[in-house]
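Working notes, beginning with the structure itself.
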Amino acid sequence: SSGITELAACRREEVADGSQQLDWTASLKQGLCIYAISCNGADIPVELRLTFDVTSLLLAVPGEACKLDLAEIRTVSLGEEALHVLRGRIPIKVPDDVCVLEMHDGRCL
């Protein structure tokens with residue numbers, strides 16, 4: 001299945017109609033300014049953008065950028081699920097509104 005299906009899961013099952021999914025996808029194509037939590041707990045500003053062909057995410061941090069193929073994403077979690085995924089991985093209290101992209105290789109974003 002396409003990674004965009006998992007990405008759309010960030011809106012959970014509440015995203016029942018296609019227009020909301022398209023709005024979310026459009027926002028990602030324009031780019032979102034988010035904060036990633038590093039493994040030592042520091043907040044890192046990240047620009048997150050969906051590629052035009054909707055196959056990858058572009059992640060840009062100060063001084064560096066990378067491309068993440070959506071097929072690498074195993075799950076997307078929010079709220080309690082996300083907190084559970086991150087438990088024991090980060091040495092700080094994680095914000096309740098965190099979203100976690102868990103990769104097939106075990107890495108998380």
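Residues checked against (1) β-branched (Val, Ile, Thr); (2) under 21 Å from THR25 (Cα atoms); (3) at pLDDT below 85:
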position: ASN40; (1), (2), (3): no, no, yes
position: ASP53; (1), (2), (3): no, yes, no
position: GLY63; (1), (2), (3): no, no, no
position: ARG74; (1), (2), (3): no, yes, no
position: HIS84; (1), (2), (3): no, no, no
| remark: The correct count of residues that are within 20 Å of GLU102 (Cβ to Cβ) and outside any loop (DSSP other than H, G, I, E, B) in the range 30-48 is 9
| task | State which residue is farthest from the chain's Cα centre (by Cα) when the search covers only the range 38-54 and only residues that are hydrophobic (A, V, I, L, M, F, W, C), open to solvent by less than 70 Å² (accessible area, probe 1.4 Å) and within 21 Å of PRO95 (Cβ to Cβ). | result | ALA42
| task | Restricting attention to strands (runs of 3 or more DSSP E) lying wholly within the range 55-102, give those where 1 or more residues are hydroxyl-bearing (Ser, Thr, Tyr) and within 15 Å of the chain's Cα centre (by Cα). | result | 56-61, 73-78
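The values are calculated or read from the model by the stated rules, or taken from the named source; none is laboratory data. Quantities reported herein were computed from a predicted structural model and do not represent experimental measurements. So basically every Cβ, Gly included, is an ideal-geometry build from the backbone, and we count neighbours across all protein chains shown. Remember, those area values only see protein heavy atoms, side chains included, never the ligands or the DNA or RNA. Shrake-Rupley method; radii C 1.70, N 1.55, O 1.52, S 1.80 Å.
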